[in-house]
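Just below is one structure, and these are the notes that go with it.
Rule-based calculations on the coordinates, nothing more; no lab input. Not measured: the values here are computed from a predicted model. Heads up, the Cβs are rebuilt from the backbone with ideal geometry, glycines too, and the neighbour counts pull from every protein chain shown.
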Amino acid sequence: MSINVVSYENCNGIGLVLISNPPVNAISPEVVAGLRRALGAFEADAEAKALVIHCEGRTFVAGGDIASFGSPYFDTRPFNLLLVRLDASPRPVVATLHGTVLGGGLELAMACHHRLTLPETRFGMPEVKLGLLPGSQGTQRLPRLAGVPLTLDLILTGRFISAQDALAAGIVDEIAEGDSLALGIGAAERLVKANAPLRRSSTLKVAVDAATTQALAAAAAKAAEKPAYPALGAIVRAVEAAVNLPFADGEEVEAREFERLRLSSTSRALRHLFFAERAAARIPGLPREIRAREVRSVGIVGAGTMGGGIAMNFANVGVPTVLVETTDEALKRGLSVIRKNYEASAAKGKLSAEEVEKRMELLSGSLDYASLASSDLVIEAVFENLQIKREVCARLGQVCKEEAILATNTSTLDLDILAQATGRPADVVGMHFFSPANVMRLLEVVRGAKTAPDVLSTVMQIARTIGKVPVVSGVCYGFIGNRMLEPYMRETEFLLLEGAQPQQIDTAIESLGLAMGPCRMSDLSGVDIGAKVVNEQFEAGELPPDPSYRVVVRKLFDLGRYGQKTEAGYYRYEGRTPLPEPVVATVCTELAREHGISRRSNITDQEIIQRLMYPLINEGIQILDEGISYRPSDIDVVWTAGYGFPDHRGGPMFMADQIGLSEIEKTLEHYGRMRGNQFGYWTPSNLLKSLAASGEHIVAWTKG
Ligand code: 3H9
């Protein structure tokens, strides 16, 4: 392993430490070892009057090396001792900052006596997003520089601030434009010349006033509401220590908390997702340097909830977008809903009135497919019906220009059939947005049998531009997410038939941290939408030959109980508040009788969790085995970014390893015996069986 990631040289009387650890100069064990040597060289270099710390490449240190946090040998102490040495240096130490100065990077900078930054630099303490707190004296130095309220805000949210805000807060000392290394050397020379006492952040007093006490109390109360995120409470305790204890004692509190959090399942799950989201962008077999197609304008067919939400994503990043509808009324309604959404954001102070107008100007409407002729990317977002979508795709194939990418927002249909309908399947790809499409982060990118590599690569890049997390799925019913949702909904309905109440099922699932249980989710997304998909599958002969399969949703649909929009579904609604509905229990009792399913009163929360989650996990593992998903972590991204699965559990595959694959296998077989397995609902996938037998983890699995 290369150890030349840090160098030291004397540059005309100024010592210079250069860190070069691409891509983001993260503090790895090699960087710590290099820094120790470089600092030793400076300390021994009597000719150096000051020291400048500078990073090569796109950024100053963007944090500790997250990949090293899982190592049994990980230890913050060696790095922290170096920070104490820098702080105590009798000769001035200057940090010269550019890029994103984050976490351990900001901690390194704060241990220096003077911080100079370029104007575009951004600063932050994002450890909380990894379930951690700053572990290299950040909780002790930041309150001394910026006060407790801002420290808590930055460390608890992990948000980034600009150089200008960092200067105003006292986190940096000056902003300068030009060559940052030359500027740093200039600053060091000035400090030498001034010969004034050095400003050491460890020796500053934390300002304490009423706002401090109030901010600590408010943060502690908020942390107590979120026990699944132990970092929140730990951050408050460490910052409190900065207020109440000498620096070194506060540092000890921080170190204890950091170590506890580092080993916690929450932090392991969040670190897994950090790398999972980045891995999802990599497509096996696709060269990274492939030339993307240019996308300067977008067309969308359908201005309903989905089409409108999709259009907003593009207007938000300045891409002109045309929406095509069949009637003037539908078009006007769609555009006015978009305007209302933007105005609601403006009312919350998230957008200015000018920005609202600017975005609306980028959106145009048309009743003529010919307006799509010049669009670089066209996304169809019409009703989820094979025949309708096929017709739309055929028209797109005719009117769109050569080189245009034709995307479908289908959530369940066979992409290859739609691709064929266009007559140019290489240009076709699935872009499955999640509702509300302007909010949800996930984008399932569906790769058809004939999707051209540059089409796929372009869509992955666009997804990032519009702030989505793209995950590639192969073609199958429901792709990754909805296919895994199917057994989860199946068991929800069987449990209702067996005697569970919607609220019992939802409460059990929500106790895991999912945003919404299955009944509330169905009511929100529309019982009618769910039922129509099931009915279509039924007509296409794609359902298991089980007469009791998903009979509840179909019955509620027949009864006109479409969910929140009709104020009646699995629940009855007052506003958005779901209330228990005796009619649903009656419906389920009758359906159970009709299908010979016996009712019982001993359904436990544990049974609900196992019967919903384990078949979902089993389906995910089957999806991997079939090559529909490239890697287990992609499935975790789908569920955490698109289905409200709690990030602190890392996603269904990460959770499966926590539970134990052999435990899952045994439990599936147990329910197979209890419920009968005539339709294969409880058959563990072959991959699950083989991994359970060998004791391997699913998260580490790669297709051989
Ligand atoms: C910490 O500092 C704890 C300390 O308090 C105590 C210990 C010292 N480590 O996101 P990108 C990789 S906790 C390892 O696609 P962007 C990333 O995996 C840390 N690797 O680029 C990717 O690799 P690949 C606190 C890292 O331009 C590549 O860099 N700091 C790290 O969209 C490019 O990343 C954070 O939490 C890392 N720390 O965004 C910062 N950071 O190409 C986390 C990045 O192989 N990082 N990589 O997939 C970020 O927020 C963004 O990466 C950043 C760049 C804004 C820096």
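Any idea how many Lys pairs in the range 481-694 come in under 28 angstrom at the alpha carbon, given 8 or more places apart or on separate chains?
Working: LYS532/LYS555; LYS532/LYS565; LYS555/LYS565; LYS666/LYS689.
Lysine pair count for the range 481-694: 4.
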| query | Which ordering of VAL399, VAL638 is given by a fewest-first count of other beta-carbon atoms within 10 Å? | reply | VAL399, VAL638
| message | Need one number: nm distance between label points at ASP249 and THR327, each 7 Å from Cα along Cα→Cβ, rounded to one decimal. | response | 7.4
| note | In the neighbourhood of LEU524 defined by beta carbon distances under 10 Å, the net charge of the other residues (Lys, Arg +1; Asp, Glu -1) is +2
| query | What is the distance, in nm, between label points placed 7 Å from the Cα along the Cα-to-Cβ direction at THR213 and at ALA426? | reply | 7.3
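Rounded to two decimal places and with Rh computed the Kirkwood way over Cα pairs, what is Rg over Rh for the range 481-694? Working shown, then result.
Values: Rg = 16.7 Å, Rh = 17.6 Å.
My calculation puts Rg/Rh at 0.95.
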| request: Using 0.36 nm per residue of separation minus the Cα-Cα distance, give me the extension gain between ASP368 and SER525 in nm, one decimal. | output: 53.5 nm
| query | Which stretch or stretches of the range 430-447 have amide N atoms under 20 Å from the point lying 7 Å from LEU386's Cα along the Cα→Cβ direction? | reply | 430-432, 446-447
| request: Based on a Kirkwood Rh over C-alpha pairs, give the Stokes-Einstein translational diffusion coefficient of the range 3-263 at 37 °C and viscosity 0.692 mPa s in µm²/s. | output: 180
| Cleavage-rule hits (GluC sites (Glu not before Pro)) in the range 385-462: DSSP loop, at most 12 neighbouring Cβ within 10 angstrom | GLU402, GLU403
| task | Calculate the spin-label point distance for SER20 paired with SER435, positioning each point 7 Å from the Cα along the beta-carbon direction, and give it in nanometres. | result | 5.4
| Quick one: THR412, THR321, THR640, fewest Cβ neighbours within 10 Å first, how do they rank? | THR412, THR321, THR640
| field | Gyration tensor over alpha-carbon atoms, the range 298-473, equivalent ellipsoid semi-axes in Å | value | 26, 18, 14
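Considering only the range 426-563, what is the antiparallel percent among its DSSP beta bridges, to the nearest 5? Write out the running numbers ahead of the final one.
Working: 4 of 9 bridges.
Given both bridge residues lie in the range 426-563, the antiparallel proportion sits at roughly 45 percent.
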| Calculated [θ] (222 nm, deg cm²/dmol) that DSSP helices of n ≥ 4 give over the chain, each run adding -39,500 (n - 2.57) | -15500 deg cm²/dmol
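For HIS670 and ASP605, calculate 0.36 nm times their separation in residues minus their Cα-Cα distance, and state this gained length in nm to one decimal. Don't skip to the answer; put the middle values down first.
Working: separation 65, 0.36 × 65 = 23.40 nm, distance 1.64 nm.
21.8 nm is the gain from fully extending HIS670 to ASP605.
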| Cα point-scatterer Debye curve for the range 253-297, base-10 log of I(q)/I(0) at q = 0.23, 0.24 Å⁻¹ | -0.87, -0.90
| field | Qualifying GluC sites (Glu not before Pro) in the range 263-327, DSSP loop, other Cβ atoms within 10 Å at most 12 | value | GLU289, GLU294
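Are there trypsin sites (Lys or Arg not before Pro) in the range 197-299 that DSSP marks as loop and that have at most 13 other Cβ atoms within 10 Å, and which are they? Write out the running numbers ahead of the final one.
Working: sites: ARG199, ARG200, LYS205, LYS222, ARG237, ARG256, ARG260, ARG262, ARG268, ARG271, ARG278, ARG282, ARG288, ARG291, ARG293, ARG296; in loops: ARG199, ARG200, LYS205, ARG282, ARG288, ARG291, ARG293, ARG296.
Hits after loop and neighbour filter: LYS205, ARG282, ARG288, ARG291, ARG296.
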| said: On a full-extension model of 0.36 nm per residue, what is the gain between ARG159 and TYR477, subtracting their alpha-carbon distance, rounded to one decimal in nm? | reply: 110.6 nm
| field | Per residue Cα convex hull volume in Å³ - calculated over the range 469-537 | value | 110
| Neighbour-count order for ASP454, ASP87, fewest beta carbons within 10 angstrom listed first | ASP454, ASP87
| DSSP-defined beta bridges in the range 3-263 - what % are antiparallel, rounded to 5 | 30
| Of LYS332/LYS468; LYS350/LYS401; LYS226/LYS348, those spanning more than 32 Å from alpha-carbon to alpha-carbon | LYS350/LYS401
| query | When every alpha-carbon pair in the range 384-453 is counted, what percent end up more than 21 Å apart? | reply | 21
| remark: Along principal axes, largest first, the alpha-carbon spread of the chain in whole Å comes out as 89, 61, 54
